[in-house]
Amino acid sequence: MSALRKLLSYTAAVAALIAGYASWRSLDPGDQRNRELLKNLPESNPVRMEESRRRNAQIMEMLKDAAQTNENIARTYGSQK
């Protein structure tokens, strides 16, 4: 009886793993969708990549300014509108 119970529990565990893997594979977007997603990434478009670099450089400059001063620079940058 103990061996049968152990066999049934192992079978149920394997069945649960197979069901989980099958559901995970069914939700996979597929190769065509992956290629489309990769095509739309900012790194694939040189113009968007340059904009990202510029924006990151500006943010780093602002953080550097904030680290070097004791005043509240959020108030000063917000009033420059």
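Laboratory data are not the source of any read-out in this text; all were calculated from the coordinates shown. If you're wondering where the values come from, they're calculated on a predicted model, not measured in any experiment. Quick reminder, even Gly has a Cβ in these numbers, built from the backbone with ideal geometry, and neighbours come from all protein chains shown.
Below, the figures for the structure above:
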| item | result |
| --- | --- |
| Candidates per GluC sites (Glu not before Pro) in the range 1-77, loop by DSSP, up to 10 other Cβ within 10 Å | GLU71 |
| Label-point separation, ASP31 to MET62 (7 Å along Cα→Cβ), nm | 4.3 |
| Global form of the range 1-40, assessed from the alpha-carbon gyration tensor, a/c cut-off 1.5 | prolate |
| Inter-label distance, nm, simple model (7 Å from Cα along the C-beta direction), ARG55/SER9 | 5.3 |
| Label of the coordinate-derived value, Rg and Dmax of the Cα atoms in Å, listed as (i) 16.4, 59; (ii) 18.2, 57; (iii) 27.1, 80 | (iii) |
